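Engineer: Sharing a structure below in structure tokens format, with a few things to ask.
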Amino acid sequence: MKKYEVLKNIPEKNLDNKGTTSLKWKKDVIDFFTGKNIDKCLEMGTHKGHSTRILSELFKEIYTIEYQPHLIDMAKELCKDCNNIHYICGDAYNDNTYLNLPNTFNVIVIDCVHTKEHVLADIQRALNYFNEETGLYIVFDDYGHPGNTTQVKEAVDIAVNDGLKIEKYIGEEPGFTFTRNDGSSTTLIHREGIILSYGV
């Protein structure tokens, strides 16, 4: 498979898919993880499965959590040719959602509730799946989103101060504007996403 062929049917964030990541974010994730021979990935926040589809090409086994059943259905349709994705319909902040997951993961993608408190809880949960042999990568979307209601950067910065390592900033640059079909727009104040690591 050519490196970015998986992106050919994936929509850009600029259109009417505001809940997805940009194609630049996806390309940067592909570039970073290609060749790392990583087994298991947990995605917290499936949405329509656009990022899930890319993750399925990079890792041997994907577990993805989504609260809304109709979004799970959309993701399953988009990823119907993938046989390595396990879909979990449940609340990412309820311990019962995680009962049947593996004990460790190599990568965790966090794109769930974007308040500081929720992201800090996501990071703490991610660290519970730390793999002592390989370490853990944690990938974030909306690191550079503006506004008081989106506080991913503040939570990530706390995690970095507490010892997590910045591996790479990913996605669109600060100042990039996502314009949607309804005329609304969002301009990034920092990079769109970031990859952290622990024990790698």
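Engineer: What's the lysine pair count for segment 1-108 at a Cα cut-off below 17 Å, pairs eight or more apart or interchain?
Structural biologist: 28
Engineer: Sort 129-141, 38-50 for me by packing, meaning the mean count of neighbouring Cβ atoms within 10 Å per residue, highest on top.
Structural biologist: Values: 129-141: 19.5, 38-50: 23.2.
Result, highest mean Cβ count within 10 Å first: 38-50, 129-141.
Engineer: Now for a separate question. Mind checking which lysines have their C-alpha under 17 Å from LYS165, skipping anything on the same chain fewer than 8 residues away?
Structural biologist: LYS153
Engineer: Separate question: Solvent-accessible area per residue for segment 87-176 at a 1.4 Å probe radius, Å²?
Structural biologist: 49 Å²
Engineer: Here's a follow-up. Please state the charge dipole magnitude for segment 119-200, taken about the Cα centre, from unit charges on C-beta atoms (+1 on K and R, -1 on D and E), reported in debye and rounded to the nearest 20. Please list the in-between numbers first.
Structural biologist: Values: 6 positive and 13 negative charges, 16 e Å.
Once rounded to the nearest 20, the dipole reads 80 debye.
Engineer: Could you pull out every Cys in the chain that lacks a partner Cys with its beta carbon under 4.7 Å away?
Structural biologist: So far as the 4.7 Å Cβ criterion goes, CYS41, CYS89, CYS112 stand without a partner in the chain.
Engineer: Give me the percent of accessible area attributable to carbon and sulfur for the chain, probe 1.4 angstrom.
Structural biologist: Values: 4460 of 9740 Å².
Its accessible area is 46 percent carbon and sulfur atoms.
Engineer: Next question, about the same structure. What size of dipole, in debye to the nearest 20, comes out for the chain about its Cα centre when the only charges are +1 on Lys and Arg C-beta atoms and -1 on Asp and Glu C-beta atoms? Intermediate results must be reported in sequence, preceding the final value.
Structural biologist: Values: 22 positive and 30 negative charges, 109 e Å.
Dipole magnitude for the chain comes out near 520 debye.
Engineer: Given contacts defined as C-alpha pairs under 8 Å and at least six residues apart, what's the relative contact order of segment 133-200, whole-number percent? Don't jump to the answer; show the numbers that get you there.
Structural biologist: Working: 124 pairs, mean separation 32.8, N = 68.
Taking the mean separation of contacting Cα pairs over the length of segment 133-200, I get 48 percent.
Engineer: Still on this model: Cross-link candidates for LYS116: which aspartates and glutamates have Cα within less than 19 Å, leaving aside residues fewer than 8 places away along the same chain?
Structural biologist: GLU43, ASP91, ASP141, ASP142, GLU154, ASP157, ASP162, GLU192
Engineer: For SER184, SER197, give me the order by solvent-accessible area with a 1.4 Å probe, most accessible first, ignoring ligands, DNA and RNA.
Structural biologist: The ordering from most to least exposed comes out as SER184, SER197.
Engineer: Let me ask another. Give the label of the value calculated from the structure for mean projected area of the Cα convex hull in nm², choosing from (1) 12.7; (2) 15.0; (3) 10.7.
Structural biologist: (3)
The values are calculated or read from the model by the stated rules, or taken from the named source; none is laboratory data. Keep in mind the model is a prediction, meaning the values are calculated, not measured. All Cβ positions, glycine included, derive from the backbone under ideal geometry; neighbour counts span all protein chains shown. SASA here: full protein model, heavy atoms, side chains in, ligands and nucleic acids out. Shrake-Rupley method; radii C 1.70, N 1.55, O 1.52, S 1.80 Å.
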